[in-house]
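The next block holds one structure in the form of structure tokens; read it before the comments.
The values are calculated or read from the model by the stated rules, or taken from the named source; none is laboratory data. Model, not experiment: these values are computed from the prediction. Cβ coordinates were reconstructed from backbone atoms using ideal geometry, including for glycine residues, and neighbour counts include every protein chain displayed. Protein only, heavy atoms only, side chains kept; ligands, DNA and RNA dropped before computing areas. Shrake-Rupley method; radii C 1.70, N 1.55, O 1.52, S 1.80 Å.
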Amino acid sequence: AASFNDEQVMNARMLWRDFYQSHTPRISKVEVWAAAVSYVIGWIEGRRDQTQQVVAKRYGVSVGSVSKRSGELWDTFLNVEQGTIAYRTDKSQPDDLPDLMDLVETNPACGFKILYRMSQIMSSRLYHIVDDLRRLRASLA
């Protein structure tokens, strides 16, 4: 799977499962759908090296097929029903709370992953504040 890490592979599997359960697409060539999912996950993760041409060649399918099926994934599922947040790794999530709040407002279905990421950011910031206060107290003593 195109040098994706384990979390990205898991997200790709979840994307396919969720899409398949809600749309039950006709599958005439498995490689086309695998390429489409691979391309979409690459796009979500900001992997600009994962172009439709590169992915099509890797899976031995046409660029047009990748374009059509990834468009189906995007237009009928991600863009309308689900949003991309559920299929992003933490690394590709925004690091600031206002951006995360915007994602919550625009993707209500994103739920747990965004809340988890927000708690990570807040915990990290709280840790730094506590650490700063300890240093300040030590310097005043």
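I'd like the residue in the range 12-39 that is more than 18 Å from Arg58 (Cβ to Cβ) and part of a helix (DSSP H, G or I) and, out of all such residues, is least open to solvent (accessible area, probe 1.4 Å).
Filtering the range 12-39 down to residues more than 18 Å from Arg58 (Cβ to Cβ) leaves 14, 17-28.
Still in the list and also part of a helix (DSSP H, G or I): 14, 17-23.
Values: Met14: 50, Arg17: 112, Asp18: 34, Phe19: 2, Tyr20: 91, Gln21: 133, Ser22: 64, His23: 65 Å².
Per the criteria, the residue is Phe19.
Of all residues in the range 48-57, which are touching a residue at least 24 places away in the same chain (Cβ under 8 Å) and either loosely packed, with under 14 Cβ neighbours inside 10 Å or not in a helix (DSSP H, G or I) (or both)?
Correct list: Gln50 only.
From the list Val55, Val61, Val37, which one is of a type outside the set (Asp, Glu), touching a Phe, Trp or Tyr at 6+ places or on another chain (Cβ under 7 Å) and farther than 18 Å from Leu78 by Cα?
On the way: Val61 fails: touching a Phe, Trp or Tyr at 6+ places or on another chain (Cβ under 7 Å); Val37 fails: farther than 18 Å from Leu78 by Cα.
The conditions single out Val55.
Could you list, in sequence order, all residues of the range 120-141 that are modelled with pLDDT under 70 and among the hydroxyl-bearing types (Ser, Thr, Tyr)?
First, the residues of the range 120-141 that are modelled with pLDDT under 70: 120-128.
Residues satisfying the conditions are Ser123, Ser124, Tyr127.
Across the range 36-70, what is the total count of residues that are in contact with a helix residue (DSSP H, G or I) (Cβ under 7 Å, 6 or more places away or on another chain), among the hydroxyl-bearing types (Ser, Thr, Tyr) and under 17 Å from Gln8 (Cα atoms)?
The total comes to 3.
Could you list all residues from the range 1-11 that are more than 14 Å from the chain's Cα centre (by Cα) and surrounded by fewer than 18 Cβ atoms within 10 Å (Cβ to Cβ)?
Taking the range 1-11 and keeping what is more than 14 Å from the chain's Cα centre (by Cα), we get 1-3.
Across the range 1-11, the qualifying residues are Ala1, Ser3.
What pairs come out if I take residues in the range 22-37 that are without any contact (Cβ under 8 Å) to a residue 40 or more places away in the chain and pair them with residues that are in a loop (DSSP other than H, G, I, E, B) whose C-beta lies under 7 Å away, six or more apart or interchain?
Sorted first by the residue in the range 22-37, then by its partner, the pairs are Lys29/Val61; Glu31/Gly60; Glu31/Val61; Val32/Val61; Trp33/Ile27; Ala35/Val61.
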